[in-house]
Amino acid sequence: MAEDIRIPVKIGPITFKNPFYVASGPTTRTVRQLQRIEETGWAAASIKLTIDPAPYINRKPRYGMLYDRNALAFTTEKRLNFAEGLKLVEDAKKVLSELILMANMTYAGDAGLEGWVNMAKRFEEAGADIIELNMCCPNMSYNLELTSGGAENAAKQTGASMGRDEEIAAQIVRAIKENIGIPLFVKLTPEGGRIAQVAKALYEAGADAVGSTANRLGMPVIDPDDPGKSCYHLQEEISMSCHCSSWLKPLAQRDTYEIRQVCGEEPFVTATGGIANWRDAVEMVLCGANLLGICSETLINGYDIVRPMIKGMKEYMDRHGYETLDDFRGLVVSQVKTASDITLYGGYAKIKEPNLSAPCKAACPHHVPAQAYVRMVAKGDFRRAFDLITSKDPLQGVCAYVCSHPCEDACTRGINGRPVAIRDIKRFVLEYGRERGWKPDTAAGPDNGHRAAVIGSGPAGLSCAAELARAGYRVTVFEREEKPGGMMRYGLPRFRLPESVLEYEMDRIREMGVEFKTGVEFGTDITLDDLKAEGYESVFIAVGAQQPNRLGVEGEDAGGVMDARSLLVATSRGDKVDTGAVVVVYGCTFEGIDAARTALRLGAGEVYLACDGMPGKRSAVIDSLNDAKAEGVKVMDNVTLLRIHAEGGRVKGVDLANHLGIPMHVPCDTVVAATGTHAAVQGLDEIMTEKGFIKVSPKTGAAGIDGVFAGGDAVRSANIITAIAAGKRAAVSMDKFMRGSDAVLEYTEGTVCVNTDDVLKRVGYLKESVSAASLQTAGAGERIKGFDTYTRTMTEQEAVEEASRCLNCGCGEGCQLCKTICCEFAPFFPAIDTLGIDKDACVACGMCYNRCPNNNIIMINTGEKV
């Protein structure tokens with residue numbers, strides 16, 4: 001048996017073992033219920049309302065959990081007639097051992113005071129320990145009065161409404177007190193607005209305890225499409241509802257506070273309404289309550305709720321050194337001040353972490369404001385979305401097609417379903433803007449008199465060049481191929497990246513004043529000394545990683561063995577590539593998958609993709625792999641290349657072994673190695689190793705010595721978005737190297753990612769099974785006939801619907817709740833996708849502090865009284 005903790009409360013001759021009793025309601029109408037109440041540890045119970053004569057509203061109950069207002073509500077309820085009430089008390093007293101029994105009663109007949117007195121005396125004779133006058137129940141008289149249009153129109157004007165008139169109520173109390181020997185409690189209504197004044201009159205008339213009811217009469221949930229329809233089960237018409245449960249807590253506390261404030265320290269106050277746990281109970285005692293009645297919570301969670309309440313209250317008392325309830329009862333009453341007397345301090349709201357970001361932005365190496373532009377699309381503000389995207393760099397159009405989208409892998413939506421299609425939304429925005437002639441704000445800055453060189457026109461080099469041009473540098477990009485674009489042009493198949501998209505981005509960079517010199521190979525046609533002699537003050541080396549890693553197996557030097565990058569480059573140049581009938585590609589990388597799909601388009605009859613390990617959870621690789629499978633590429637999982645067989649200097653097949661070590665032989669004409677590449681450009685190794693290959697800054701991620709910097713694949717393995725980020729960081733380092741304190745470029749600040757668990761809790765651990773719209777325009781059999789792209793751009797409706805799935809995880813332009821609700825218009829954007837609050841405009845009301853979904857706003861106290 002659970003520990004029987006005692007917190008005694010004494011009133012007259014009666015001692016409650018703890019302050020908790022089950023208030024009159026549907027859980028106190030039978031003997032078995034009362035027994036269960038005693039078994040679970042309650043001190044007392046007030047029986048179901050008994051009415052004499054027969055109740056005029058007495059029908060089977062209909063309950064509803066109204067979650068839109070955090071309330072339990074009901075329309076009709078079964079009461080007890082006088083005979084039933086008396087029998088309940090008589091029968092219960094025969095089986096109860098210590099449960100204090102309160103008889104909750106209302107007289108509704110024509111005998112006046114005599115009727116009230118008769119009921120009270122009969123209940124005392126039946127064994128009731130306390131009489132509780134019900135002068136409050138709103139589902140009785142008020143229901144009739146409100147529904148009929150006023151008290152003068154109600155068929156019944158008795159009983160439950162009397163608690164609003166202190167003279168009538170006091171007469172009843174005096175008459176009953178003169179005729180009974182047990183305590184008399186009264187439960188009042190606050191509907192009249194003078195509950196404390198009525199309570200004072202009742203104490204003076206002899207009432208032993210007074211308190212408020214635990215419910216209020218109000219309108220139920222209304223169906224706008226069918227206003228007369230009931231929201232309750234098995235009920236047809238709409239009707240007034242008694243609202244109770246947690247929503248009532250502040251009103252019930254106010255009733256208790258008012259009674260204690262007006263009537264003083266001595267009177268005994270009962271309190272009901274909104275008590276669901278020990279903390280609620282403690283707060284009610286602090287407001288002045290002696291006893292705590294609970295009804296609706298026993299309906300919602302059962303009788304067992306009381307022991308944790310008792311335990312929690314006792315632990316609270318022990319922590320604070322309170323021995324009895326009287327030690328802390330009403331402590332808050334004397335501390336409540338009126339609005340004119342409270343002390344206010346000056347202050348303002350402040351963003352706690354300016355770079356608190358959604359997972360999509362935090363996961364992006366370049367911190368493109370993904371959430372921000374997605375939210376703008378959801379709102380239909382496509383222009384703002386366009387500006388946000390293009391503010392980052394001039395290669396976002398390329399990213400919209402071929403970025404590996406780590407943003408989507410990090411999307412909170414993806415935890416319990418499908419992530420938001422961020423990359424496809426970006427593509428929609430950019431193409432929508434281009435069709436309308438929108439121009440990104442990428443104008444070159446005023447000429448600052450400095451020159452910079454970039455070696456290589458891949459994503460890192462172009463990103464660096466564009467950023468330097470934006471800062472006013474005269475920039476020249478040197479490229480060994482005939483056309484700029486690096487591996488974006490030569491290493492990506494056109495079915496993934498249309499050439500027109502790349503050319504659009506190249507034109508933007510040319511418009512910024514960047515000069516391109518093609519057909520120039522670094523280390524051969526031009527050296528660092530040459531560049532310095534020509535007046536270039538700083539150099540960024542972004543030559544990529546051109547040299548393939550060796551396979552390290554027998555036969556790899558035979559004819560018919562090539563690396564994936566060479567295959568892709570040759571195809572892009574338009575060179576004739578003969579793969580033969582059967583091709584084996586070894587390596588499940590992006591390049592390997594692209595090479596396998598390219599081989600099909602070049603005429604290979606069979607293409608195998610041998611993977612020594614699957615790509616894990618990177619969705620972009622998985623999507624590409626699935627497309628390859630659909631096109632006919634045969635994927636071999638978890639195999640190791642053992643040797644390449646050659647005959648007459650030509651490949652004839654490969655030996656592989658699966659993860660169990662079982663060997664297999666695949667005859668083939670061509671082997672394509674897709675195991676990665678490394679930098680091997682004349683002069684680069686010396687530059688990178690001289691003086692220890694130091695990093696310019698912990699933030700840069702790019703290495704540099706004396707004005708020579710390197711980034712992208714030339715430094716470490718990089719994809720398009722990481723290379724773009726490296727180029728941006730290199731440009732900042734070069735700016736600071738060349739201009740020192742006059743530099744204007746700044747590193748992109750790091751982000752702090754929101755807690756996705758908190759986001760999921762906020763949205764209710766959302767689970768969905770919404771399918772993505774298919775954006776493919778050709779079947780697998782059709783698309784392998786050529787190199788045309790086979791995907792389309794989202795429609796406006798598709799983009800808005802997809803963007804609307806965003807959970808608005810982080811701060812900045814994505815959320816903007818504080819900016820939306822501020823009456824003083826204090827929140828503003830000090831930088832793109834970064835929110836700040838103008839402390840001079842802020843009046844410190846605290847609405848943004850209270851509403852911030854990420855708790856990312858704090859209130860600063862200036863210490864000045866206002």
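The values are calculated or read from the model by the stated rules, or taken from the named source; none is laboratory data. In this text the structure is predicted, and so the values were computed from the model without any measurement. Cβ placement follows ideal geometry from the backbone for every residue including glycine, while neighbour counts extend to all protein chains displayed. Note: areas computed on protein heavy atoms with side chains; ligands, DNA, RNA excluded. Shrake-Rupley method; radii C 1.70, N 1.55, O 1.52, S 1.80 Å.
Within region 20-34, how many residues are of a type outside the set (Gly, Ala, Ser), in a loop (DSSP other than H, G, I, E, B) and either within 43 Å of the chain's Cα centre (by Cα) or buried (at least 20 other Cβ atoms within 10 Å of the Cβ) (or both)? Before you say what the answer is, go through the steps one by one.
Taking region 20-34 first, the residues of a type outside the set (Gly, Ala, Ser) are 20-22, 26-34.
Of the ones still in play, those that are also in a loop (DSSP other than H, G, I, E, B) are 26-30.
Cutting the leftovers down to either within 43 Å of the chain's Cα centre (by Cα) or buried (at least 20 other Cβ atoms within 10 Å of the Cβ) (or both) gives us 26-29.
Residues meeting the conditions: 4.
Looking across region 73-104, the residues that are of a type in the set (A, V, I, L, M), touching a residue at least 60 places away in the same chain (Cβ under 8 Å), open to solvent by 10 Å² or more (accessible area, probe 1.4 Å) and not in a loop (DSSP other than H, G, I, E, B) come down to VAL95, ILE100.
Here's a check for you: in region 361-379, which residue that is of a type in the set (A, V, I, L, M, F, W, C) and part of a helix (DSSP H, G or I) is nearest to CYS753 (Cα to Cα)?
Taking region 361-379 as the starting set, the residues that turn out to be of a type in the set (A, V, I, L, M, F, W, C) are 362-364, 368, 370, 372, 374, 376-378.
Filter once more, keeping what is part of a helix (DSSP H, G or I): 362-363, 370, 372, 374, 376-378.
Working: ALA362: 6, ALA363: 8, ALA370: 13, ALA372: 14, VAL374: 17, MET376: 20, VAL377: 22, ALA378: 22 Å.
For region 361-379, the residue satisfying everything is ALA362.
Checking each residue in region 779-796 for being part of a loop (DSSP other than H, G, I, E, B) and either in contact with a strand residue (DSSP E or B) (Cβ under 9 Å, 6 or more places away or on another chain) or more than 20 Å from ARG423 (Cα to Cα) (or both) picks out GLY779, ILE784, LYS785, GLY786, PHE787, TYR790, ARG792.
From the set of residues in region 380-397 that are part of a loop (DSSP other than H, G, I, E, B) and modelled with pLDDT of 95 or more, which is least open to solvent (accessible area, probe 1.4 Å)? Write out each step before concluding.
The initial filter retains those residues of region 380-397 that are part of a loop (DSSP other than H, G, I, E, B), namely 380-381, 391-395.
Restricting the remaining residues to those that are modelled with pLDDT of 95 or more gives 380-381.
Details: GLY380: 40, ASP381: 64 Å².
Here the residue is GLY380.
In region 304-339, the qualifying residues are those that are among the small types (Gly, Ala, Ser) and either more than 39 Å from the chain's Cα centre (by Cα) or modelled with pLDDT of 95 or more (or both), and the one that is surrounded by the fewest Cβ atoms within 10 Å (Cβ to Cβ) is GLY321.
So, of the residues in region 262-274 that are of a type in the set (A, V, I, L, M) and open to solvent by less than 10 Å² (accessible area, probe 1.4 Å), which turns out to be farthest from MET309 (Cα to Cα)? Quick ask: steps written out before the conclusion?
The initial filter retains those residues of region 262-274 that are of a type in the set (A, V, I, L, M), namely 262, 269, 271.
Pick out the ones that are also open to solvent by less than 10 Å² (accessible area, probe 1.4 Å) and you get 269, 271.
Details: VAL269: 19, ALA271: 15 Å.
Top of the filtered list is VAL269.
Scanning region 1-19 for residues that are in contact (Cβ under 8 Å) with a residue 12 or more places away in the chain, part of a strand (DSSP E or B) and out of contact with any helix residue (DSSP H, G or I) (no Cβ under 7 Å at 6 or more places or on another chain) turns up ILE11, ILE14, PHE16.
Number of residues in region 525-578 that are of a type outside the set (Asp, Glu) and under 30 Å from ASN448 (Cα atoms) equals 15. Among residues of region 263-287 that are at positive phi and modelled with pLDDT under 95, those with a beta-carbon under 7 Å from a residue that is open to solvent by 30 Å² or more (accessible area, probe 1.4 Å) and outside any strand (DSSP E or B) at least six positions away or on a different chain give the pairs GLY273/LYS249; GLY273/LEU251; GLY274/SER246; GLY274/LYS249.
Applying the selection to region 349-360, what residues are open to solvent by 50 Å² or more (accessible area, probe 1.4 Å) and part of a strand (DSSP E or B)? Lay out the reasoning, then the answer.
Restricting attention to region 349-360, the residues satisfying the condition of being open to solvent by 50 Å² or more (accessible area, probe 1.4 Å) are 350, 352-354.
Result: LYS350, single match.
In the condition set (1) modelled with pLDDT under 90; (2) under 19 Å from GLY85 (Cβ atoms), LYS121 is compliant with all but (1).
Residues in region 658-675 that are without any contact (Cβ under 8 Å) to a residue 60 or more places away in the chain and either acidic (Asp, Glu) or not in a strand (DSSP E or B) (or both): how many?
Initially, region 658-675 is screened for residues without any contact (Cβ under 8 Å) to a residue 60 or more places away in the chain, giving 658-665.
Those left that are additionally either acidic (Asp, Glu) or not in a strand (DSSP E or B) (or both): 659-662.
Final tally of qualifying residues: 4.
Assess whether ASP318 counts as being within 30 Å of ARG59 (Cα to Cα) and outside any strand (DSSP E or B). So ASP318 fails the test.
Selection of region 398-419 for residues being within 19 Å of GLN776 (Cβ to Cβ), within 20 Å of the chain's Cα centre (by Cα) and open to solvent by less than 30 Å² (accessible area, probe 1.4 Å) yields only GLU408. Quick check on region 67-88: of everything there that is of a type in the set (A, V, I, L, M) and within 17 Å of PRO26 (Cβ to Cβ), which residue is farthest from the chain's Cα centre (by Cα)? My answer is LEU88. GLU467 meets the conditions (1) more than 21 Å from ASP735 (Cβ to Cβ); (2) in a helix (DSSP H, G or I); (3) not small (Gly, Ala, Ser) in every case but one. The failed one is (1).
What is the residue count in region 124-136 for residues that are in contact (Cβ under 8 Å) with a residue 40 or more places away in the chain and not in a strand (DSSP E or B)? Counting residues in region 124-136 that are in contact (Cβ under 8 Å) with a residue 40 or more places away in the chain and not in a strand (DSSP E or B) gives 5. For VAL514, the conditions (1) closer than 13 Å to THR476 by Cα; (2) surrounded by fewer than 20 Cβ atoms within 10 Å (Cβ to Cβ); (3) not hydroxyl-bearing (Ser, Thr, Tyr) all hold with the exception of (2). Of all residues in region 722-747, those that are crowded, with 24+ Cβ neighbours inside 10 Å and either under 36 Å from the mean Cα position of the chain (by Cα) or on the phi > 0 side of the Ramachandran plot (or both) total 10.
Out of the strands (runs of 3 or more DSSP E) lying entirely within region 506-588, which hold 2 or more residues that are within 44 Å of the chain's Cα centre (by Cα)?
Values: elements: 515-518, 538-541, 561-563, 582-586.
Correct list: 538-541, 582-586.
If the condition is being under 12 Å from ALA207 (Cα atoms), surrounded by fewer than 22 Cβ atoms within 10 Å (Cβ to Cβ) and either among the small types (Gly, Ala, Ser) or under 59 Å from the mean Cα position of the chain (by Cα) (or both), then region 167-180 contributes ALA170, GLN171, ARG174, ALA175, LYS177.
Restricting attention to region 705-747 and to residues that are in a loop (DSSP other than H, G, I, E, B) and among the small types (Gly, Ala, Ser), the residue that is modelled with the highest pLDDT turns out to be ALA743. Being of a type outside the set (Asp, Glu), in contact with a His (Cβ under 9 Å, 6 or more places away or on another chain) and in a helix (DSSP H, G or I) is a property that holds for ARG423.
Taking the stated definitions as given, is ARG597 among the basic types (Lys, Arg) and open to solvent by less than 30 Å² (accessible area, probe 1.4 Å)?
Against the criterion (among the basic types (Lys, Arg) and open to solvent by less than 30 Å² (accessible area, probe 1.4 Å)), ARG597 qualifies.
Applying the condition of being closer than 19 Å to TYR373 by Cβ and either hydrophobic (A, V, I, L, M, F, W, C) or part of a helix (DSSP H, G or I) (or both) to region 815-827 and asking which residue is most open to solvent (accessible area, probe 1.4 Å) yields THR820.
Counting only residues that are over 34 Å from the mean Cα position of the chain (by Cα), crowded, with 24+ Cβ neighbours inside 10 Å and free of Cβ contacts under 8 Å to residues at least 60 places away in the same chain, region 210-261 holds 1 of them. Scanning region 748-770 for residues that are hydrophobic (A, V, I, L, M, F, W, C) and either on the phi > 0 side of the Ramachandran plot or more than 9 Å from the chain's Cα centre (by Cα) (or both) turns up VAL752, CYS753, LEU766, VAL770.
Which ones in region 478-500 are in a helix (DSSP H, G or I) and either surrounded by fewer than 19 Cβ atoms within 10 Å (Cβ to Cβ) or not charged (D, E, K, R) (or both)?
Of the residues in region 478-500, the ones in a helix (DSSP H, G or I) are 487-490, 499-500.
Within region 478-500, MET487, MET488, TYR490, GLU499, SER500 qualify.
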